[in-house]
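Participant: Pasting a structure here, questions to come.
The values are calculated or read from the model by the stated rules, or taken from the named source; none is laboratory data. Computed from a predicted structure; not experimentally measured. Cβ coordinates were reconstructed from backbone atoms using ideal geometry, including for glycine residues, and neighbour counts include every protein chain displayed. Note: accessible area is taken over every heavy atom of the protein model, side chains too, but ligands, DNA and RNA are not part of it. Shrake-Rupley method; radii C 1.70, N 1.55, O 1.52, S 1.80 Å.
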Amino acid sequence: MAVFQLNVNNRSYAVDVDPDTPLLWVLRDELNLTGTKYGCGVAQCGACTVHLNGNPVRSCTLPVAAAKGNITTIEGLSENGDHPVQKAWIELDVAQCGYCQAGQIMTAAALLARKPQPTDADIDTAMAGNICRCGTYKRIRKAIHLAATKGGAR
Amino acid sequence: MKTALTRRDFMKVSTLAGGGLLLSFQTGNALAALLPKDAEVFQPNAFVSISPEGLITIMAPNPEVGQGVKTSLPMLVAEELDADWTMVRVEQAGLDTRNFQRQVAGGSGSVRSSWESFRKAGATARQMLLEAAAQKWGVPVSECITRNGFVIHQPTGKTLNYGALATAASGLEVPQEVKLKDPKDYNLIGRRMVNVDAWNIVTGKMPFGLDTRREGMLTAMVARPTFGKKLKSVDDTRAKQVKGVKQVIVFDNKVAILATNTWAAKKGRDALRLEWEAEGTPESTENYNTAFAELIKNTTQEPKRNDGDVNQALSQADKVLESVFYAPFLPHAPLEPMNFFAHVREDGAELYGPTQTPARTRTEAARVLGLPEEKITVGMSRMGGGFGRRLQADYSVEAARISKLAGVPVLVVWTREDDMQGGYYRPAGMYRYRAALKNNQLTGWHLIAAAANSANASRENSFPAGVVPNFRVDSHNYQSPITVGPWRAPNHNFIAFAEESFLDEIALELGKDPVAFRLELLEQAKTNPVGHVAYDPTRYINVIKTAAEMGNWGQQGVKGIFKGFGAHFSFGTYVAQVADVSVQNGKVKVHKVYCAVDCGRVINLSGAETQIEGGIIDGIGHMLYGEITFKSGEVEQKNFNTYRLIRMPDAPEIEVRFINTNAEPQGLGEPGLPPIGAAVANAIFAATGSRIYRLPVRLPGEHSKRSF
Ligand code: FES
Ligand code: FES
């Protein structure tokens, strides 16, 4: 065990865990930030996506020892659930079961931050790592375009 | 419209602690709750309460698995209540067989079976609020109306909101007869309503089963056998040394590791040294494929359907077409893996988590725990998908077993690998079709199917049953140690692909346009039906014509893009689809799908549309990529790196149109999926001349690891 300092959603935490513990389980089990989901554990589905210094990363394969920098989870994406991506997601009623959507939203928000007006091809590339088993891809694509018109790049 | 409450309807009104109106409503025999529980016979009902502040709480008794019932069923109550939707709070109910019935997410049946009773519940509450207002004002009820959360006295224009009437209404007698709205007066039904959990979902606040956290809870992972293996020896020395591991429990041919967190449980399990031994010959894909191929050579003693004389039709035919289609095993792979919370005490148990069948969970847990059912509560979390997997109770009962043995509250977590390997798969099967053609007519149709652990692998009454004079279906049950279960649109999910592909083959052989050929057959079903006809040919014809028109069937489209057609009837709903597909360098691309749906009345347009879209995308993904294979009882695809699911770049544009929306509402969670496989496969044939007989699709020249 070892103590790690983490900066998550602009708060500092000290956690005492095994260095090989994936960030995902630290968030979920130690910090009780359960909005970040487990889907595969092998960087294949994107359900566990968080931002590390603004970049989307798969927290299921990122050892806590390597999680250096500012971490943002779905809980910290916006103060009141009013990030343009979140608003677009509600407006277009994207979610079915909803389980993948935190990861989808984090990936989409990172895409828009990098590319404020993404093309369909940009969306295909950026979102290909996020599985939606319910098949909400059509609405996700539409919602990303909508968020772009709402200033999603913020 | 007037609906009399029957004598057997059971109503009760009581005053809430805070003075509000609580109205519980139940149709069917109240005694039914005491009868043996069979998930399929449960009748629905609903709960609504209104606080003096005007907050309306509508209980959602059915499990929410992504199919949208937590939004659509409360809409029915709110519609008849004339509620202000912004004042409605929807709450997930737990298992409550006294007050609710058919708390099941399966068979696309929630709205179908609840349509009437949910509306009655709302209408009853509305009528009592009307009476309470009339009494208050000292005016006749007939002078009062309701609108958007208010009772209005028409002659004077006086208004009272529902909250202000709640206490008075709770003292009134429950009306024996309630008037339901004329559909033309609907304000909510048919509109686009956003999923009631949308905000919680996009902010990460929505708890799923895996997010359950309780005082003193341990997290468990379980080492389970592959199919046909028995636990021979356990060495847990190293597992016990993992920090955080608290208990190791050997039970039921499995080993559970209980730890203070998920990662410790996983490391503990990885550190187990287990020896397994085979019981008999473990199943491999070659075994069952060889067995299927043998079985479909012969008929059975008891055909599932037998109209006319198919042997005679085949022997007298000008031409016999024969095709064999192959369905692989499929996992459900909901994105949230299996998990369940259990806290078993001496005198009772609490179970909580994602389940499509809470009643079955309780019954099976009661048996295993040796507790009476009334001592067990079952709560339902929102589910991260199910697709049929969570109709099983293996994982919830397992959690109960472990909690009992460990003496602590426990959350059992399955990894993705556990989930893929411990499934109740869509059965693999082989389907041999023969068609007799005579005088340019389809005169005979014979299906001989064989599938794993399936008493009936067919849907013997599916079209073209009912239009072919000599029609026979046989189905062989191949016994396998591999566990199987319902998978989104059971049997339909494959036979629609096979039959709609075969119909295209027949149409081409007869020199007919595939859509025109189907319409011609359905016209026959109208005028000259054969035996039992399970579908309404007129509705079938209408969806086919609508989809053909939407998809510009028969017109030259963009160069390089080819069209395919498929239609299917399931769960009361008619669906027809045209797929625009191109094939380049062996890669199939579905550009656009046009889909016409007759599911009767649409409750939530947004929810209905997304179910159909999801079904189409799900169907495309599985036809292109889905396959589970076995080697010596072991699943070969253990995670999403080897088991491929459809992703964003493969998702087509989709256009959905609902027709005939004045009819009774029908199923929606499943019917969108079945036809798409054939629509895409028929387009692939148009593009390449290659007929797809085996799923997932492998085009000639593609490398295949397939053993069949
Ligand atoms: S859980 Fe991390 S990518 Fe699937
Ligand atoms: S909404 Fe269910 S997995 Fe995406």
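Participant: Applying the selection to the stretch A:50-61, what residues are within 13 Å of another protein chain (Cβ to nearest Cβ) and either open to solvent by 40 Å² or more (accessible area, probe 1.4 Å) or closer than 21 Å to A:VAL3 by Cβ (or both)?
Facilitator: If the condition is that a residue be within 13 Å of another protein chain (Cβ to nearest Cβ) and either open to solvent by 40 Å² or more (accessible area, probe 1.4 Å) or closer than 21 Å to A:VAL3 by Cβ (or both), then A:VAL50, A:ARG58, A:SER59, A:THR61 are the ones that fit.
Participant: A follow-up question, please. B:PRO652 fails exactly one of the following numbered conditions: (1) of a type outside the set (Ser, Thr, Tyr); (2) touching an Asp or Glu at 6+ places or on another chain (Cβ under 9 Å); (3) closer than 26 Å to B:ILE544 by Cβ; (4) buried (at least 24 other Cβ atoms within 10 Å of the Cβ). What is the number of that condition?
Facilitator: Tallying (1) of a type outside the set (Ser, Thr, Tyr); (2) touching an Asp or Glu at 6+ places or on another chain (Cβ under 9 Å); (3) closer than 26 Å to B:ILE544 by Cβ; (4) buried (at least 24 other Cβ atoms within 10 Å of the Cβ), B:PRO652 fails exactly one: (4).
Participant: If you don't mind, another one. Here are the criteria: (1) in contact with a Pro (Cβ under 8 Å, 6 or more places away or on another chain); (2) within 16 Å of ligand 1 (Cβ to nearest atom). Tell me which single one A:LEU112 does not satisfy.
Facilitator: Every condition holds for A:LEU112 apart from (2).
Participant: From (1) in contact with a Pro (Cβ under 6 Å, 6 or more places away or on another chain); (2) within 13 Å of another protein chain (Cβ to nearest Cβ), pick out the condition that doesn't hold for A:ALA47.
Facilitator: Failing condition for A:ALA47: (1).
Participant: Does B:SER113 meet the test of being at pLDDT below 90 and either surrounded by fewer than 24 Cβ atoms within 10 Å (Cβ to Cβ) or part of a helix (DSSP H, G or I) (or both)?
Facilitator: yes
Participant: Can you pull out the residues in the stretch A:23-44 that are within 12 Å of ligand 1 (Cβ to nearest atom) and either more than 7 Å from chain B (Cβ to nearest Cβ) or open to solvent by less than 10 Å² (accessible area, probe 1.4 Å) (or both)?
Facilitator: If the condition is that a residue be within 12 Å of ligand 1 (Cβ to nearest atom) and either more than 7 Å from chain B (Cβ to nearest Cβ) or open to solvent by less than 10 Å² (accessible area, probe 1.4 Å) (or both), then A:LEU23, A:LEU24, A:LEU27, A:ARG28, A:THR36, A:LYS37, A:GLY39, A:CYS40, A:ALA43 are the ones that fit.
Participant: Only residues that are assigned to a strand (DSSP E or B) and either under 22 Å from A:ARG139 (Cα atoms) or basic (Lys, Arg) (or both): list them for the stretch B:599-631, please. Steps first, please.
Facilitator: The initial filter retains those residues of the stretch B:599-631 that are assigned to a strand (DSSP E or B), namely B:628, B:630-631.
Within the stretch B:599-631, just B:LYS631 meets the criteria.
Participant: Report yes if some residue within the stretch B:589-599 is surrounded by fewer than 24 Cβ atoms within 10 Å (Cβ to Cβ) and among the hydrophobic types (A, V, I, L, M, F, W, C); otherwise report no.
Facilitator: Scanning the stretch B:589-599, I find no residue that is surrounded by fewer than 24 Cβ atoms within 10 Å (Cβ to Cβ) and among the hydrophobic types (A, V, I, L, M, F, W, C), so the answer is no.
Participant: Let me ask something else. Considering the stretch A:62-95 alone, what residues qualify as being more than 9 Å from chain B (Cβ to nearest Cβ), more than 16 Å from the chain's Cα centre (by Cα) and open to solvent by 10 Å² or more (accessible area, probe 1.4 Å)?
Facilitator: If the condition is that a residue be more than 9 Å from chain B (Cβ to nearest Cβ), more than 16 Å from the chain's Cα centre (by Cα) and open to solvent by 10 Å² or more (accessible area, probe 1.4 Å), then A:PRO63, A:ALA65, A:ALA66, A:LYS68 are the ones that fit.
Participant: Out of all the residues in the stretch B:366-383, is one or more of a type outside the set (A, V, I, L, M, F, W, C), within 14 Å of another protein chain (Cβ to nearest Cβ), part of a strand (DSSP E or B) and within 16 Å of ligand 1 (Cβ to nearest atom)? Before the answer, list the steps.
Facilitator: The first filter runs over the stretch B:366-383 and keeps only residues of a type outside the set (A, V, I, L, M, F, W, C), leaving B:367, B:370, B:372-375, B:377, B:379, B:381-382.
From what's left, within 14 Å of another protein chain (Cβ to nearest Cβ): B:381-382.
Pick out the ones that are also part of a strand (DSSP E or B) and you get B:382.
Subsequent filtering for residues that are within 16 Å of ligand 1 (Cβ to nearest atom) retains none.
Looking through the stretch B:366-383, none of the residues is of a type outside the set (A, V, I, L, M, F, W, C), within 14 Å of another protein chain (Cβ to nearest Cβ), part of a strand (DSSP E or B) and within 16 Å of ligand 1 (Cβ to nearest atom).
Participant: Next question, about the same structure. Residues of the stretch A:135-154 being of a type in the set (A, V, I, L, M, F, W, C) and modelled with pLDDT under 95, which ones?
Facilitator: Hit for the stretch A:135-154 is A:ALA153, nothing else.
Participant: Give me a count of the residues in the stretch B:78-110 that are among the acidic types (Asp, Glu) and either open to solvent by 10 Å² or more (accessible area, probe 1.4 Å) or at pLDDT below 80 (or both).
Facilitator: Final tally of qualifying residues: 4.
Here is a yes/no grid of residues against (1) within 10 Å of another protein chain (Cβ to nearest Cβ); (2) within 10 Å of ligand 2 (Cβ to nearest atom):
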position: A:CYS97; (1), (2): yes, yes
position: A:THR119; (1), (2): no, no
position: A:ARG133; (1), (2): yes, yes
position: A:ARG141; (1), (2): yes, no
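Participant: Can A:PRO19 be described as assigned to a loop (DSSP other than H, G, I, E, B), farther than 22 Å from B:LEU411 by Cβ and either open to solvent by 10 Å² or more (accessible area, probe 1.4 Å) or of a type in the set (Asp, Glu) (or both)?
Facilitator: Criteria met by A:PRO19.
Participant: Please verify whether A:GLY98 is within 16 Å of ligand 1 (Cβ to nearest atom) and either at pLDDT 95 or above or not assigned by TED's automatic domain parsing to the domain that holds A:TYR137 (or both), treating the condition exactly as stated.
Facilitator: Details: within 16 Å of ligand 1 (Cβ to nearest atom): yes; either at pLDDT 95 or above or not assigned by TED's automatic domain parsing to the domain that holds A:TYR137 (or both): yes.
So A:GLY98 passes the test.
Participant: Something else now. Listed residues A:ALA110, A:ALA128; which is surrounded by fewer than 24 Cβ atoms within 10 Å (Cβ to Cβ) and more than 8 Å from every other protein chain (Cβ to nearest Cβ)?
Facilitator: Of A:ALA110, A:ALA128, the one residue that is surrounded by fewer than 24 Cβ atoms within 10 Å (Cβ to Cβ) and more than 8 Å from every other protein chain (Cβ to nearest Cβ) is A:ALA110.
Participant: Just wondering, is there one or more residues in the stretch B:441-459 that are more than 16 Å from ligand 1 (Cβ to nearest atom), assigned to a loop (DSSP other than H, G, I, E, B), within 30 Å of B:GLY511 (Cα to Cα) and open to solvent by 10 Å² or more (accessible area, probe 1.4 Å)?
Facilitator: Yes, the conditions are met somewhere in the stretch B:441-459.
Participant: Confirm whether B:GLN312 is open to solvent by 40 Å² or more (accessible area, probe 1.4 Å), touching a residue at least 40 places away in the same chain (Cβ under 8 Å) and in a helix (DSSP H, G or I).
Facilitator: Spelling it out, B:GLN312 is indeed open to solvent by 40 Å² or more (accessible area, probe 1.4 Å), touching a residue at least 40 places away in the same chain (Cβ under 8 Å) and in a helix (DSSP H, G or I).
Participant: Scan the stretch B:336-363 for residues that are open to solvent by 10 Å² or more (accessible area, probe 1.4 Å), closer than 25 Å to B:GLU417 by Cα and acidic (Asp, Glu) and jot them down.
Facilitator: none
Participant: Within the stretch A:71-78, does at least one residue satisfy the condition of being more than 12 Å from ligand 2 (Cβ to nearest atom) and within 19 Å of B:LEU645 (Cα to Cα)?
Facilitator: There is no residue in the stretch A:71-78 that is more than 12 Å from ligand 2 (Cβ to nearest atom) and within 19 Å of B:LEU645 (Cα to Cα).
Participant: Hey, another quick one. Residues that are open to solvent by 10 Å² or more (accessible area, probe 1.4 Å), assigned to a strand (DSSP E or B) and among the hydroxyl-bearing types (Ser, Thr, Tyr): does the stretch B:461-471 have at least one?
Facilitator: Checking the stretch B:461-471: not a single residue is open to solvent by 10 Å² or more (accessible area, probe 1.4 Å), assigned to a strand (DSSP E or B) and among the hydroxyl-bearing types (Ser, Thr, Tyr).
Participant: Here is a check on your reading of the model: is B:ALA489 under 19 Å from the mean Cα position of the chain (by Cα), aliphatic (A, V, I, L, M), over 30 Å from B:THR281 (Cα atoms) and not assigned by TED's automatic domain parsing to the domain that holds B:LYS230?
Facilitator: yes
Participant: Condition check: in a loop (DSSP other than H, G, I, E, B) and either touching a Gly at 6+ places or on another chain (Cβ under 9 Å) or within 17 Å of B:LEU668 (Cα to Cα) (or both). Does B:VAL48 satisfy that?
Facilitator: Judged against the criteria, B:VAL48 is not a match.
Participant: Return only the number of the condition from (1) under 16 Å from the mean Cα position of the chain (by Cα); (2) away from ligand 2 (no atom under 16 Å from the Cβ) that B:ARG390 does not satisfy.
Facilitator: Looking at each condition in turn, B:ARG390 falls short on (2).
Participant: Under 25 Å from the mean Cα position of the chain (by Cα) and among the hydroxyl-bearing types (Ser, Thr, Tyr): which single residue out of B:THR97, B:THR146 fits that description?
Facilitator: Just one listed residue meets the conditions, B:THR97.
Participant: Give me a count of the residues in the stretch B:348-363 that are at pLDDT 95 or above, farther than 23 Å from B:ALA333 by Cβ and assigned to a helix (DSSP H, G or I).
Facilitator: Count: 2.
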